[in-house]
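Peer 1: Structure below; questions to follow.
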Amino acid sequence: MAATDSQSSGRPVSLYAAFEAVATKYADKTALIGSGGKGLALTYREALTRIQQLAAGLQTPEFSGLSEIGLISENRPEWPIAYLAIVAAGKTVVPLDANLHPGEIEAIIRHAGLSVLFVSGRFEPVVASFGPDLRLFSFESESPNNWSKLVSSPVDFTPLGSRETVASLIYTSGTTGAPKAVILTHGNLLANLEAIDKAIHFDERDVQLSLLPLHHTFETTCGFLTPLIHGATIVYARGLKSKEVLEDISANRVTLMCGVPLLYEKMYHSIHRKVETAPLIRRLMFRLLLWISALGWQLGRRWGRGLFAGVRRRAGLADIRMFVSGAAALPPNIQRFFVLIGFDFLQGYGMTEASPVISVNRADSIVFGSVGPPLDGVEVRIDRPDENGIGEIIVRGENCTSGYKNNPEQTAELWRNGWLHTGDLGTFRDGQLWITGRAKNLIVSAAGKNIYPEELEEKLSESDYILEVIVFGRAKHGRHGEEVRALIVPDIEQFQLEFGLDPAQPNADLVREILSREVAMVNAEIADYKRITGFEVHFQELEKTSTKKVKRFVYR
């Protein structure tokens with residue numbers, strides 16, 4: 001769509017234009033706050049001024065031949081300022097994963113051909129060590145590379161960019177294999193923002209806690225761009241420790257938060273442990289209220305909001321109205337629990353190549369375990385479904401990438417017959433999309449039956465004694481097909497609570513005995529060909545990506 005067409009239809013022509021309209025309307029409202037509410041705070045007017053000043057600097061002749069600019073930092077208010085300044089200047093932003101090792105960071109910088117980067121103090125010496133050919137603009141006021149050097153005075157700035165302009169290149173891999181840079185235009189991201197707006201309610205009264213790494217498209221779209229184009233306030237969390245997260249939520253009267261399943265699972269287990277250590281009468285009362293809330297849910301009533309108001313207040317969650325979970329599969333019992341104690345808890349599904357949201361629960365029609373209906377404007381089909389209706393999820397829409405930069409082979413694999421192939425397996429039931437797993441994780445039995453490890457992981461994760469689990473297939477020696485195995489991380493705190501287990505020297509025999517019982521209970525509920533034939537116990541947290549997805553390949 002041409003820029004003039006977007007203007008005439010009332011749709012913003014660029015990400016900067018969308019932000020500028022809101023910043024003008026809510027000029028004196030706080031937009032960004034760092035360090036859990038204790039750091040740098042900027043109003044919309046102040047944020048807009050900084051963006052314009054930096055963008056003006058990037059439009060000076062010395063940067064005229066520059067098309068792409070890197071950005072690497074922990075979450076803080078300067079990150080979105082730099083992002084919006086880069087795209088406002090008509091450049092493309094390349095966000096880098098702040099959790100990568102230096103060698104991985106350098107590999108992406110070289111692959112992308114970056115010569116200019118915005119950095120925080122933590123990364124300034126790291127990036128500077130890669131050579132003198134890199135120019136850095138630091139967020140730190142005391143740095144000789146401080147970004148104030150870019151500021152143009154007076155500001156001579158012309159907003160550039162249209163819906164067809166590339167806004168961002170997102171790298172989906174590091175040094176393993178060939179890096180892939182996903183091309184996302186202003187139009188891709190704006191289409192996703194417009195569709196999210198129709199599905200989920202946000203407004204200027206919201207305060208959103210930003211937890212996930214900002215380089216990840218889920219947080220960029222849902223934790224940065226979405227709240228800012230609604231005039232909301234974003235508070236950057238101090239970290240991912242449960243205690244600090246709860247303190248940041250309470251101190252800032254946070255109303256909504258996007259997170260990954262691991263975070264919500266930790267919150268769930270924390271609340272349950274507090275309940276289990278409470279006096280008997282309070283434990284019984286909690287279970288009774290949960291039963292009443294579940295009954296109300298079946299009758300179409302949200303009784304949990306009133307029944308558990310005190311519980312939410314004591315947990316520091318009194319102002320939270322909505323949790324959103326994405327980036328990985330969420331056990332349905334976790335979502336059900338949070339809904340029954342009074343929250344709108346929405347699970348969504350997406351991928352970087354779709355900007356990223358493809359589908360999401362709606363607050364008035366939550367179906368536990370599903371990822372909701374597709375967003376408006378996003379077509380979703382199940383390709384080559386089996387007898388159970390399960391097949392690969394394929395999508396298309398204005399939010400979808402055109403492909404990977406300078407990588408025609410991978411682009412051709414991604415786009416086939418006019419559809420973007422996600423590599424995920426799923427099915428539709430009554431208009432709701434259900435994810436059954438990743439095609440590459442599929443286990444095939446000796447009889448040729450398909451086994452979805454995510455289904456078994458979901459069942460095992462419901463155990464109070466299991467903190468984390470991955471299920472995988474292992475080739476049978478001298479025989480066809482694969483056997484189903486599991487790697488289980490026990491919840492040591494639960495073992496300590498119930499059995500007095502010493503966390504420093506856990507009784508491996510006791511742990512294995514209890515876990516064997518849990519695995520047997522799951523096996524009793526499933527078809528014979530799906531049954532878990534063996535498991536190993538792992539006493540350390542599983543290795544994860546920066547967005548807290550388990551690195552399955554490490555444990556195969």
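The values are calculated or read from the model by the stated rules, or taken from the named source; none is laboratory data. These numbers come from a predicted model, not from an experiment. Positions of Cβ are generated from backbone atoms using ideal geometry, with glycine treated the same way; all protein chains shown enter the neighbour counts. Only protein heavy atoms, including side chains, enter the accessible area calculation; ligands, DNA and RNA are left aside. Shrake-Rupley method; radii C 1.70, N 1.55, O 1.52, S 1.80 Å.
Peer 1: Of the residues Ala112, Ala98, which single one is in contact with a strand residue (DSSP E or B) (Cβ under 7 Å, 6 or more places away or on another chain) and either open to solvent by less than 10 Å² (accessible area, probe 1.4 Å) or under 26 Å from Gly36 (Cα atoms) (or both)?
Peer 2: Ala98
Peer 1: Sticking with this one: If you take the residues of the stretch 248-271 that are of a type outside the set (A, V, I, L, M), more than 14 Å from Arg314 (Cβ to Cβ) and part of a helix (DSSP H, G or I), which of them is most open to solvent (accessible area, probe 1.4 Å)? Reasoning before the result, please.
Peer 2: So in the stretch 248-271, the residues of a type outside the set (A, V, I, L, M) come out as 248, 250, 252-253, 255, 258-259, 261, 264-266, 268-270.
Checking the rest, the ones that are also more than 14 Å from Arg314 (Cβ to Cβ) come to 248, 252-253, 255, 258-259, 261, 264-266, 268-269.
From what is left, the residues that are part of a helix (DSSP H, G or I) are 248, 261, 264-266, 268-269.
Values: Asp248: 3, Pro261: 7, Tyr264: 0, Glu265: 32, Lys266: 86, Tyr268: 23, His269: 17 Å².
Once the filter is applied, the top-ranked residue is Lys266.
Peer 1: While we're on this one: Here are the criteria: (1) at pLDDT below 90; (2) on the phi > 0 side of the Ramachandran plot; (3) not hydroxyl-bearing (Ser, Thr, Tyr). Tell me which single one Gly36 does not satisfy.
Peer 2: Checking Gly36 against (1) at pLDDT below 90; (2) on the phi > 0 side of the Ramachandran plot; (3) not hydroxyl-bearing (Ser, Thr, Tyr), the one that fails is (1).
Peer 1: Kindly establish whether Gly306 is surrounded by fewer than 16 Cβ atoms within 10 Å (Cβ to Cβ), over 27 Å from the mean Cα position of the chain (by Cα) and farther than 25 Å from Lys544 by Cα. If you could, list the steps in order and put the result at the bottom.
Peer 2: Working: surrounded by fewer than 16 Cβ atoms within 10 Å (Cβ to Cβ): yes; over 27 Å from the mean Cα position of the chain (by Cα): yes; farther than 25 Å from Lys544 by Cα: yes.
Spelling it out, Gly306 is indeed surrounded by fewer than 16 Cβ atoms within 10 Å (Cβ to Cβ), over 27 Å from the mean Cα position of the chain (by Cα) and farther than 25 Å from Lys544 by Cα.
Peer 1: Condition first: more than 21 Å from Leu40 (Cα to Cα), open to solvent by less than 30 Å² (accessible area, probe 1.4 Å) and assigned to a loop (DSSP other than H, G, I, E, B). Can you find one or more residues in the stretch 217-229 that meet it? Steps first, please.
Peer 2: Within the stretch 217-229, the first condition is being more than 21 Å from Leu40 (Cα to Cα), and the residues that meet it are 217-218, 221-222.
Of the ones still in play, those that are also open to solvent by less than 30 Å² (accessible area, probe 1.4 Å) are 217-218, 221-222.
Retained after the next criterion (residues that are assigned to a loop (DSSP other than H, G, I, E, B)): none.
Within the stretch 217-229, none of the residues are more than 21 Å from Leu40 (Cα to Cα), open to solvent by less than 30 Å² (accessible area, probe 1.4 Å) and assigned to a loop (DSSP other than H, G, I, E, B).
Peer 1: Right, Arg253: touching a residue at least 24 places away in the same chain (Cβ under 8 Å) and in contact with a strand residue (DSSP E or B) (Cβ under 9 Å, 6 or more places away or on another chain) or not?
Peer 2: Yes, satisfied.
Peer 1: Just one of the numbered conditions (1) among the charged types (D, E, K, R); (2) buried (at least 21 other Cβ atoms within 10 Å of the Cβ); (3) out of contact with any Leu (no Cβ under 9 Å at 6 or more places or on another chain) is not true of Lys91; which one?
Peer 2: Every listed condition holds for Lys91 apart from (3).
Peer 1: Ala107 - would you say it is open to solvent by 20 Å² or more (accessible area, probe 1.4 Å), at pLDDT below 90 and of a type in the set (Gly, Ala, Ser)? Quick ask: steps written out before the conclusion?
Peer 2: On the way: open to solvent by 20 Å² or more (accessible area, probe 1.4 Å): yes; at pLDDT below 90: yes; of a type in the set (Gly, Ala, Ser): yes.
Yes.
Peer 1: Let me ask you something else. For the stretch 338-368, enumerate the residues that are open to solvent by 10 Å² or more (accessible area, probe 1.4 Å) and among the hydrophobic types (A, V, I, L, M, F, W, C).
Peer 2: The answer is Met351, Val357, Ala363, Ile366, Val367, Phe368.
Peer 1: Is it the case that Ala31 is touching a residue at least 24 places away in the same chain (Cβ under 8 Å), under 28 Å from the mean Cα position of the chain (by Cα) and part of a strand (DSSP E or B)?
Peer 2: Considered against the rule, which asks whether it is touching a residue at least 24 places away in the same chain (Cβ under 8 Å), under 28 Å from the mean Cα position of the chain (by Cα) and part of a strand (DSSP E or B), Ala31 comes out as yes.
Peer 1: Determine which member of the set Glu513, Glu518, Glu462 is acidic (Asp, Glu), within 26 Å of Ala278 (Cα to Cα) and at pLDDT 85 or above.
Peer 2: Testing whether each residue is acidic (Asp, Glu), within 26 Å of Ala278 (Cα to Cα) and at pLDDT 85 or above leaves just Glu518.
Peer 1: Examine the stretch 434-449 for a residue that is touching a Gly at 6+ places or on another chain (Cβ under 8 Å) and at pLDDT 95 or above, and state whether such a residue exists.
Peer 2: No, the conditions are met nowhere in the stretch 434-449.
Peer 1: Follow-up. Out of Leu40, Leu58, I need the residue that is of a type in the set (A, V, I, L, M), surrounded by fewer than 20 Cβ atoms within 10 Å (Cβ to Cβ) and in contact with a strand residue (DSSP E or B) (Cβ under 9 Å, 6 or more places away or on another chain). Which one?
Peer 2: The unique qualifying residue is Leu40.
Peer 1: Only one of (1) without any contact (Cβ under 8 Å) to a residue 12 or more places away in the chain; (2) open to solvent by 40 Å² or more (accessible area, probe 1.4 Å) is not met by Gly296, so which one is it?
Peer 2: Going through the list (1) without any contact (Cβ under 8 Å) to a residue 12 or more places away in the chain; (2) open to solvent by 40 Å² or more (accessible area, probe 1.4 Å), Gly296 breaks only (2).
Peer 1: If we scan the stretch 119-130, do we find a residue that is within 25 Å of Glu219 (Cβ to Cβ), open to solvent by less than 30 Å² (accessible area, probe 1.4 Å) and assigned to a strand (DSSP E or B)?
Peer 2: Within the stretch 119-130, one or more residues are within 25 Å of Glu219 (Cβ to Cβ), open to solvent by less than 30 Å² (accessible area, probe 1.4 Å) and assigned to a strand (DSSP E or B).
Peer 1: Of the residues Ile81, Ile72, which single one is farther than 25 Å from Lys29 by Cβ, under 26 Å from the mean Cα position of the chain (by Cα) and surrounded by 22 or more Cβ atoms within 10 Å (Cβ to Cβ)?
Peer 2: Exactly one of Ile81, Ile72 is farther than 25 Å from Lys29 by Cβ, under 26 Å from the mean Cα position of the chain (by Cα) and surrounded by 22 or more Cβ atoms within 10 Å (Cβ to Cβ), namely Ile72.
Peer 1: Scan (1) in contact with a strand residue (DSSP E or B) (Cβ under 7 Å, 6 or more places away or on another chain); (2) more than 22 Å from Ala232 (Cβ to Cβ) for the single condition Tyr264 breaks and write down its number.
Peer 2: With respect to (1) in contact with a strand residue (DSSP E or B) (Cβ under 7 Å, 6 or more places away or on another chain); (2) more than 22 Å from Ala232 (Cβ to Cβ), Tyr264 is out only on (2).
Peer 1: Of all residues in the stretch 481-511 being within 27 Å of the chain's Cα centre (by Cα) and of a type outside the set (A, V, I, L, M, F, W, C), which is most open to solvent (accessible area, probe 1.4 Å)?
Peer 2: Filtering the stretch 481-511 for residues that are within 27 Å of the chain's Cα centre (by Cα) and of a type outside the set (A, V, I, L, M, F, W, C), the one most open to solvent (accessible area, probe 1.4 Å) comes out as Glu493.
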